[in-house]
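> Sharing a structure with you now.
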Protein chains: 2
Amino acid sequence: MSRNEVEMPGERKRHAPRGSNAKPLTGIREVARLAGVSVGTVSNVLNRPDKVSEATLARVEQVIERLDFVPNRGAADLRTGRSRMIGLVVPDITNPFFADVARGAVDAAGQQGYVVVLCNCDQDIDKQNGYLDVLEEQRVAGVLINPIGAIPSGLSRLRDRGSGVVLVDRSAKLSDYSSAAVDDVRGGQVAIEHLLGLGAKRIALVNGPTSLRQCSDRRRGARRALSAAGRSADDLIEVVNSTMTIHAGVSAVDQLLALDSTPDAVFCTNDLLAIGVTRALAQVGRDVPGDVAVMGYDDVDLAAEAPVPLTSIGQPKYELGHVATELLLKELPMGADAKHERVVFQPHLTVRNSTTATP
Amino acid sequence: MSRNEVEMPGERKRHAPRGSNAKPLTGIREVARLAGVSVGTVSNVLNRPDKVSEATLARVEQVIERLDFVPNRGAADLRTGRSRMIGLVVPDITNPFFADVARGAVDAAGQQGYVVVLCNCDQDIDKQNGYLDVLEEQRVAGVLINPIGAIPSGLSRLRDRGSGVVLVDRSAKLSDYSSAAVDDVRGGQVAIEHLLGLGAKRIALVNGPTSLRQCSDRRRGARRALSAAGRSADDLIEVVNSTMTIHAGVSAVDQLLALDSTPDAVFCTNDLLAIGVTRALAQVGRDVPGDVAVMGYDDVDLAAEAPVPLTSIGQPKYELGHVATELLLKELPMGADAKHERVVFQPHLTVRNSTTATP
DNA sequence: CTGAAAGCGCTAACAC
DNA sequence: GTGTTAGCGCTTTCAG
């Protein structure tokens, strides 16, 4: 590699440390020099190729190729004032729900040339707020967030600084943020409607902690369906568990069996609970769905492969992340006076053997 | 699945006007002006507070506070030439293994002030290479990657441009990249040793596609353990499946039962297969572990909660991501002449009821 | 259609 | 200690 004396026509000698070049010195400027054009032109071939003559275009592109030149996006971002990265803030990427959301978000972002930085809060509010600060320093174009508790105040600062914000799986009734969420109330309703349609008389709800919005929403939907069917919402037998595991489902059955008359249908607010319930029921000789119909929620992969394939309510997780991102990207150019919109996805029922022997 | 959009009236609240000037002009310069110091000093309070006098420090910090000033990391990165972001390239973030790796990586990165951009390839090599290009444009500090096929050539370009590269869950025997991986050969070996220790005579391996490195490695370990115990590696009965699902496990049992004499122990290369095998065995009246011991691999949450709790080989997933990141961060300052190291994690055995009735 | 020039916000020498 | 200053690599008027 020979050292070539860089001779600038424009007489810029005010720069000392460039006399003896040890650096590969690749940049738009070097491309311009080698192609015999100005940096402005190179910038044009990069961003507005249509505004450059065929000849120059070809020549510049060739040099770019030869030099292995790759534009520095960071520099461009600094100059234009807007970054091409968006932050995704989730409570736990290890939760399959959020992993799917992330996949949707990453895809949608990628399609528009954006990159997503993953912020995993581990259910910790302080960590969440810390990430918000980091994202602020990074001057992200926007943030997608499923806030852990209340809407963090950091979000408004982010927005004041020009970043977009959209809430994921969290409606924003009172706050003025766009959001994409799935309708859990509806999910609970659909579940009970299904059970009712099967002719269920005594329905039980096996729930998780009602402090979780999803749990309370699904419960609300369940009660609503009962009322809508002309029955008292209080007919719903409820068992709440502090965790939503198979084990919790198993023990829930103890409570169910202790009742005066056993329910003939049970709606579990997630699939693990349902699997536990099904198993425990089988152990005491109750047939599913013969004696009692059981359904779950989430429609995880496992649901279809359970000993008795599980009827479940699925959520469009990927779409959630995807649409949330598109929402964000869409309101970016509108700046401060963007109209915020809320899109609500509907959960959907997948019927399997656990509620109907012959699906 | 319908989707309805509701428009919310957008309310915009801008920050209070900075000073009485027209421009929102917030930046190190504005801080300097209001604090009556030079930009250099402000930069110092930001990066080297110890080099600033108590008085000035306090004054500048107060102005920073008042202005809600947050430094622009992108600008700093451009200036210093090194970015504070690292790319994480995985085949599928939806795979619990990689979700955990991601969590480890994000944590480790965050601790050092780095941010991780998530690149999800969906098992698509082109997509993977596309991300490598994007990361190159972003001039990331480094990339963590679990390459889909062969080591992508993009990695060397990345490195030439100054980014660090470390392979995740992929050893790099021939290539000169650092790596963090878990020893799957060892895992297979440990599994068989466990079964042998239980007194197993006829051992079966229920495997996934051997085109997957994990599958072939585990198989290799299994055979090795057999040899080490003075038995022929060919004593190992093998069933390979194209998928690694519960269903595949169920059908594997058909093949097992068709043998002259049924095995008394089976090692499945993942937990889903093992669950399927256990279930199918139960259906034909074989007791687990009484008649046949069954074990899985991965030690997913589900393993402990299976109908008969599953003995399984677990991998330190979080640590993998964490250490890979630390490896990367460590070799960053060393630049081109970093010595590359490979860290190998050992999988570990968790014994449950599926191999020993009384654990 | 192309070139020249002015920075984006910040850091890092060097001077005082 | 603190101020000055020259850019990092790129986009973007504004002339020609």
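The values are calculated or read from the model by the stated rules, or taken from the named source; none is laboratory data. These numbers were taken from a predicted model, which means no experiment stands behind them. Note that each Cβ is placed from the backbone with ideal geometry, even for glycine, and that neighbours are counted across all protein chains shown. For accessibility, only protein heavy atoms count, side chains too; no ligands or nucleic acids. Shrake-Rupley method; radii C 1.70, N 1.55, O 1.52, S 1.80 Å.
> Modelling each spin label as a point 7 Å along the Cα-to-Cβ direction, I'd like the B:ALA58/B:VAL240 distance in nm, to one decimal.
Between B:ALA58 and B:VAL240, the label points sit 7.4 nm apart.
> Got a number for carbon plus sulfur as a percent of chain A's accessible area, 1.4 Å probe?
Within chain A, the accessible surface is 49 percent carbon and sulfur.
> Taking the Cα centre of region B:281-335 as origin, sum charge times position over the Cβ atoms of Lys and Arg (+1) and Asp and Glu (-1), and report the length of that vector in debye to the nearest 20.
Dipole of region B:281-335, to the nearest 20 debye: 100 debye.
> Taking only C-alpha pairs under 8 Å that are 6+ residues apart, what is the relative contact order of chain B in percent?
16
> Please state, rounded to one decimal and in Å, the Kirkwood hydrodynamic radius that region A:184-315 gives when every pair of distinct Cα atoms enters the mean of 1/r.
Hydrodynamic radius (Kirkwood, Cα only) of region A:184-315 equals 14.1 Å.
> For A:GLU238, which inter-copy label distances result when the label point lies 7 Å beyond Cα on the Cα-to-Cβ vector, reported in nm to one decimal and in ascending order?
Those separations, rounded to one decimal, come out as 5.6 nm.
> Rolling a 1.4 Å sphere over the protein heavy atoms, what is the accessible area per residue of region B:89-217, to the nearest Å²?
So region B:89-217 comes to 33 Å² accessible per residue, rounded to a whole number.
> Long-range amide H contacts for B:ARG342: which residues qualify at under 5 Å (H placed 1.01 Å from N, peptide plane, sequence gap of 5 or more or a different chain)?
Correct list: B:SER179.
> Quick one: among A:GLU341, A:GLU238, A:GLU30, which has the greatest mean-square fluctuation in a GNM of chain A with alpha-carbon springs under 10 angstrom?
Greatest mean-square fluctuation among the candidates belongs to A:GLU30.
> Picking from A:THR355, A:CYS121, A:ALA58, whose Cα lies most toward the positive end of the charge dipole for chain A (charges on Cβ: Lys, Arg +1; Asp, Glu -1)?
Highest projection toward the positive end goes to A:ALA58.
> Let me ask you something else. Along Cα→Cβ at 7 Å, what distances in nm separate the A:THR356 label point from those on the other copies, shortest first?
Here A:THR356 shows inter-copy label distances of 4.8 nm.
> Here is a further query. Quick one: Karplus J couplings for region A:315-330, per residue in order, coefficients 6.51, -1.76, 1.60, θ = phi - 60°, nearest Hz, x for Gly and Pro?
10, x, 5, 4, 4, 4, x, 5, 5, 4, 5, 5, 4, 4, 4, 6
> On to the next question. Calculate one ³J(HN,Hα) per residue across region B:148-153 by plugging θ = phi - 60° into the Karplus curve 6.51 cos²θ - 1.76 cosθ + 1.60, and present them in order as whole Hz with x for glycine and proline.
6, x, 6, 4, x, 5
> Can you give me the relative contact order of region A:184-315 as a percent, contacts being Cα pairs under 8 Å and 6 or more apart? Don't skip to the end; give the middle numbers.
Working: 249 pairs, mean separation 31.7, N = 132.
Result for region A:184-315 is 24 percent.
> May I ask which residue of B:ALA293, B:SER227, B:ILE275 lies farthest towards the positive end of the charge dipole of region B:184-315, with charges of +1 (Lys, Arg) and -1 (Asp, Glu) on Cβ and the Cα centre as origin?
Of the candidates, B:SER227 comes out farthest on the positive side.
> Let me ask another. Have a look at A:SER312, A:SER43, A:SER251 and tell me which one the Gaussian network model of chain A (Cα, springs below 10 Å) gives the largest fluctuation.
A:SER43
> Could I ask something else about it? Could you calculate the FRET efficiency of B:ASN95 with A:SER38 from 1/(1 + (r/R0)^6), where r is the beta carbon distance between them and R0 is 51 Å, rounded to 0.05?
0.55
> Could you tell me how far the Cα centroid of region B:284-359 sits from the Cα centroid of region A:129-194, in Å?
With region A:129-194 and region B:284-359 each reduced to a Cα centre, they are spaced 35 Å.
> Here is a further query. As a test, work out the antiparallel percent of DSSP beta bridges whose residues both lie in the protein assembly as shown, rounded to the nearest 5.
For the protein assembly as shown, the DSSP antiparallel bridge percentage is about 15.
> Just the accessible area for B:LYS127, please: 1.4 Å probe, Å², rounded to the nearest 10?
60
> Treating chain B as a set of equal point scatterers at the Cα positions, no solvent, please give the Debye-formula log₁₀ I(q)/I(0) at q = 0.07, 0.10, 0.11 Å⁻¹.
Log-scaled intensity ratios, in q order: -0.46, -0.76, -0.84.
> Is the protein assembly as shown rounded, prolate or oblate when judged by the Cα gyration tensor, a ≥ b ≥ c being the square roots of its eigenvalues, rounded requiring a/c under 1.5 and prolate requiring a/b larger than b/c? Walk me through the numbers on the way to the answer.
Details: a/c = 2.39, a/b = 1.44, b/c = 1.66.
Oblate, because a/c is 1.5 or more while a/b does not exceed b/c.
> Follow-up question, since we're still on this one. What nm distance separates the two modelled labels at B:GLU65 and B:ILE151, each placed 7 Å from Cα along Cα→Cβ?
Result: 5.2 nm between the two label points.
> Going by amide H atoms built from the backbone, whose H comes under 5 Å of the H on B:ALA265, apart from near neighbours?
B:ARG202, B:ALA204, B:ALA293
> Search the structure for amide H atoms under 5 Å from the amide H of A:ASP169, placed 1.01 Å from N in the peptide plane, and list their residues when 5 or more places away or on another chain.
Amide H to amide H, under 5 Å and 5 or more residues apart or across chains, A:ASP169 pairs with A:ALA180, A:ALA181, A:VAL182.
> For peptide B:136-144, how many partner chain Cβ atoms fall within 10 Å of a residue's Cβ, on average?
Other-chain Cβ atoms within 10 Å of each residue's Cβ, averaged: 3.
> Which whole-Hz ³J(HN,Hα) couplings does region A:178-185 yield from phi under the Karplus relation 6.51 cos²θ - 1.76 cosθ + 1.60, θ = phi - 60°, glycine and proline marked x?
6, 7, 10, 8, 10, 7, 6, 4
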